[in-house]
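The values are calculated or read from the model by the stated rules, or taken from the named source; none is laboratory data. Note that this is a predicted model, so its numbers are computed, not measured. Here Cβ is always computed from backbone atoms with ideal geometry, including for glycine, and neighbour counts include all displayed protein chains.
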């Protein structure tokens, strides 16, 4: 089957890159002729580059770090070029994307009306795409909360999808309210498909820190745990002043290796939790407001709610969460969800 995958595959973001790669390589591994739809828009490209160099606005990037963020961006660009992709076409000219048996829209926040540069782009709702079948896989509305609903015009577009699946309960509620349909809840591709083998570095024990804009109470608790356990804190992809080491320039492969080899993970990003879960690493998460819905629903769906900490979480709980192996119930739930996700894909692509 010829499959086009429409997602945010050129975001300079580890999660966006890996979810796109895992989905396209996972489907190709099943024998499908799958490729990413290589959409392009100058304004989106510029927004991505600005964000890559100034990821923590309103705090400005230190001048000395600009070269390191440039190295990170180049590594992403090289990684993008190795992915199976369609001929490039303009984001606002979906009809030029080519014809497919099925177009899968997702994973990622493809339906997030609040996304700063992709929000409300009709292509992600299937407009003018040429496919015999239109479906979604692990799509999300991101921080567009279910309480705000969906405008009827966008709901009509979603109603054209032959099959719908989402990766969080917030998105499930939005689709249910708008269409009266029950979309399938499936796993992010980074949890559904095997990640490619990565070479773990031979390093002293370290905690992988992924994210930025951490609340002060989280920084204090994580720093205290690391000091007590004589574990270095390695910040991946971004500068964090209270970390011991900055791996700002890490490319996608190095990111995966660092997550796989960590003693524990501390994060406020959705895919920080995803990679910790995939590699079975102990972790704690204090999601930002932007990512709260996604992290809350992920941890709930996998019986991992305890790993989402709050200001009032005792120091002893951090020790439990970052020193003990993951609860076997999490692994069991992952296997259940993988089976459900595989069944959904088989029904759409079979």
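Which one of 210, 206 is modelled with pLDDT of 95 or more, under 21 Å from residue 266 (Cα atoms) and more than 19 Å from the chain's Cα centre (by Cα)?
That would be 206, the only listed residue that is modelled with pLDDT of 95 or more, under 21 Å from residue 266 (Cα atoms) and more than 19 Å from the chain's Cα centre (by Cα).
Out of the helices (runs of 4 or more DSSP H) lying entirely within region 143-236, which hold 1 or more residues that are more than 30 Å from residue 347 (Cα to Cα) and in contact with a strand residue (DSSP E or B) (Cβ under 7 Å, 6 or more places away or on another chain)? Even if it seems obvious, please write down each step before you answer.
Working: elements: 152-158, 169-179, 189-192, 216-228.
Counting at least 1 such residues, we get 216-228.
Restricting the first residue to region 302-316 and requiring it to be assigned by TED's automatic domain parsing to the domain that holds residue 188, which pairs with a second residue that is at pLDDT 95 or above and exposed (fewer than 14 other Cβ atoms within 10 Å of the Cβ) meet a Cβ separation below 9 Å and a spacing of at least six or different chains?
none
Does residue 79 count as part of a helix (DSSP H, G or I), over 22 Å from residue 168 (Cα atoms) and at pLDDT below 95?
no
Working carefully through the options 213, 237, find the one that is surrounded by 21 or more Cβ atoms within 10 Å (Cβ to Cβ) and closer than 25 Å to residue 74 by Cα. Quick ask: steps written out before the conclusion?
On the way: 213 fails: surrounded by 21 or more Cβ atoms within 10 Å (Cβ to Cβ).
The unique qualifying residue is 237.
Based on what the data block shows, is residue 135 buried (at least 21 other Cβ atoms within 10 Å of the Cβ), within 23 Å of residue 86 (Cα to Cα) and free of Cβ contacts under 8 Å to residues at least 60 places away in the same chain?
no
So residue 85 fits all but one of (1) touching a residue at least 24 places away in the same chain (Cβ under 8 Å); (2) farther than 21 Å from residue 189 by Cβ; what number is the exception?
Residue 85 satisfies every listed condition except (2).
From the list 69, 100, pick out the single residue that is more than 19 Å from the chain's Cα centre (by Cα), farther than 27 Å from residue 2 by Cα and buried (at least 17 other Cβ atoms within 10 Å of the Cβ).
69
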